[in-house]
Amino acid sequence: MAEGPPDHTSFVPGPETARAFRTALGRFATGVTVITIAGPDGPMGFTANSFSSLSMDPPLVLWSPAKSAARFPHYAAARHYSIHVLAADQSEISARFIRGGAGFDGLPHEINAAGVPIIPGVLARFDCEQHAAHEGGDHLILVGRVLRAAHRDGKPLVFAGGSYGDFAATDRAQKAGQAPMDALLALTNGLGNVNAGLLALGRWIGATAVALMVAIILIQVFFRYVIGTALAWPEEAARFLMLWMTGLMAPTAFRRGGFVGIELVVRLLPGKIAAGLTLLLLILSLVILVTGLGLAWSEVTGLGGRFETDSLRVPVSLDLSTWMKVPKAWMMASMLVGLLLLISVAVELLLRNLVVLLGGTNDLRAIPGTATMGAE
């Protein structure tokens, strides 16, 4: 039985077809909303396109934040919130409340009777109290009872295919920009898959190195304090394992955390400035990493790598009768491998940031262990 016209792509949603599933969902044009609450440290906002009406009597609406979002716990616990429907000329407000946006910094707003920040001038607003919450896979479906509503005339901001627009511009934007964006997304998500596999293997090897390092340290403690004679090789073996553990696990921390130290500064900046600063930092980090890779290669292949460790030996015959000292190049290779992985991660993060700047946030695959980027 035919599954659709010849020009349709048919598939079963799953991990291998996640990109196609996102693209199919992106064909459905939605409005854009900003949901605001009174956060623990001041007003908080969240860009979402999952808003929908639910009931006229009682007046109910719903929206669905991702559980992986950094601000998810605050929204799940909020008793009151306001949903702002944005007009066609208010995409800058939307950009303020995605990851890395400026938020309420410099944005005029008021506080309603429930203590919730409200943004004036939007196309419509719904002041809600929490009515119900339902599980929805990797999202939570929040149902709000509308206590007060407001609206004005105007054209709504539309989100479709990873781009903002209005009703007239949506189809043109999709046709004109879809092919380059598809190529960039394929490259970005493909590199993300490669990095995810390599870093998973690196974490497994790194964890094994930690376990061996702990065992070696315990052996040395036993010999030094119980037997009374310290062994020569455990300390050098522990250093060897520590270097490889660091080289293999640091790239995962970089991929999940990015520039953690300046995250608070970036959040204070307007959306486009913050994105530009992040892109600049990624380019700078890539230059530094490539320079470090050249130095690491010199260490591994140069004179220093030809020396041997003092006491660390490995067998070179099956009957264990012949042993050789471990070359220092084997230890220095941890730095080389670690820098190669860091460079691959830096390139992926740079590409991801380009996708965000070009409006393709929703088609990016989330990095495990991080907040979901972009509108939910």
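The values are calculated or read from the model by the stated rules, or taken from the named source; none is laboratory data. Note that the structure is predicted; figures quoted are calculated from it, not measured. Counting neighbours? That spans all protein chains shown, and the Cβs are built from the backbone with ideal geometry, glycine included.
Summary of values
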quantity: Any hit, segment 211-229, residues being exposed (fewer than 12 other Cβ atoms within 10 Å of the Cβ), outside any helix (DSSP H, G or I) and not basic (K, R); calculated: yes
quantity: Residue that is modelled with the highest pLDDT [pool: residues in segment 209-256 that are hydroxyl-bearing (S, T, Y) and under 30 Å from V347 (Cβ atoms)]; calculated: T246
quantity: Residues (hydrophobic (A, V, I, L, M, F, W, C) and within 13 Å of V85 (Cβ to Cβ)) located in segment 116-127; calculated: I118, I119, V122, L123, A124, F126
quantity: Filtered residue count, segment 105-134, keeping only those that are under 20 Å from T278 (Cβ atoms) and not small (G, A, S); calculated: 1
quantity: Pairs with Cβ under 6 Å, 6+ apart, first in segment 223-242 and assigned by TED's automatic domain parsing to the domain that holds W330 and farther than 14 Å from L312 by Cα, second among the basic types (K, R) and modelled with pLDDT of 90 or more; calculated: none
quantity: Matching residues in segment 296-323 - criterion: being among the hydrophobic types (A, V, I, L, M, F, W, C) and surrounded by 12 or more Cβ atoms within 10 Å (Cβ to Cβ); calculated: A296, W297, V300, L312
quantity: Answer residue from segment 38-97, given it is among the charged types (D, E, K, R) and closer than 20 Å to G115 by Cβ and is modelled with the highest pLDDT among those; calculated: R79
quantity: Every pair of residues 6+ apart whose Cβ atoms lie under 8 Å, when the first sits in segment 36-48 and is in contact (Cβ under 8 Å) with a residue 24 or more places away in the chain and assigned by TED's automatic domain parsing to the domain that holds S94 while the second is outside any strand (DSSP E or B) and of a type in the set (D, E); calculated: F46/E376; T47/E376; A48/E376
quantity: Test: residue in segment 257-276 that is out of contact with any strand residue (DSSP E or B) (no Cβ under 7 Å at 6 or more places or on another chain), at pLDDT 75 or above and part of a helix (DSSP H, G or I); calculated: no
quantity: From the options A113, A88, A102, residue that is small (G, A, S) and under 16 Å from I35 (Cα atoms); calculated: A102
quantity: Some residue of segment 15-35 being more than 25 Å from D138 (Cβ to Cβ) and either in contact with a Leu (Cβ under 6 Å, 6 or more places away or on another chain) or touching a residue at least 60 places away in the same chain (Cβ under 8 Å) (or both); calculated: no
quantity: Residue match in segment 50-64 (condition: in contact with a helix residue (DSSP H, G or I) (Cβ under 8 Å, 6 or more places away or on another chain) and free of Cβ contacts under 8 Å to residues at least 40 places away in the same chain); calculated: no
quantity: Qualifying position, being more than 13 Å from T33 (Cβ to Cβ) and either without any contact (Cβ under 8 Å) to a residue 60 or more places away in the chain or touching a strand residue (DSSP E or B) at 6+ places or on another chain (Cβ under 7 Å) (or both), among A124, A132; calculated: A132
quantity: Any pair with Cβ under 7 angstrom, 6 or more apart, that starts in segment 97-120 at a residue that is aliphatic (A, V, I, L, M) and ends at one that is modelled with pLDDT of 85 or more and surrounded by fewer than 11 Cβ atoms within 10 Å (Cβ to Cβ); calculated: I118/E110
quantity: Checking N193 against (1) more than 20 Å from T17 (Cα to Cα); (2) under 23 Å from the mean Cα position of the chain (by Cα), the condition it does not meet; calculated: (1)
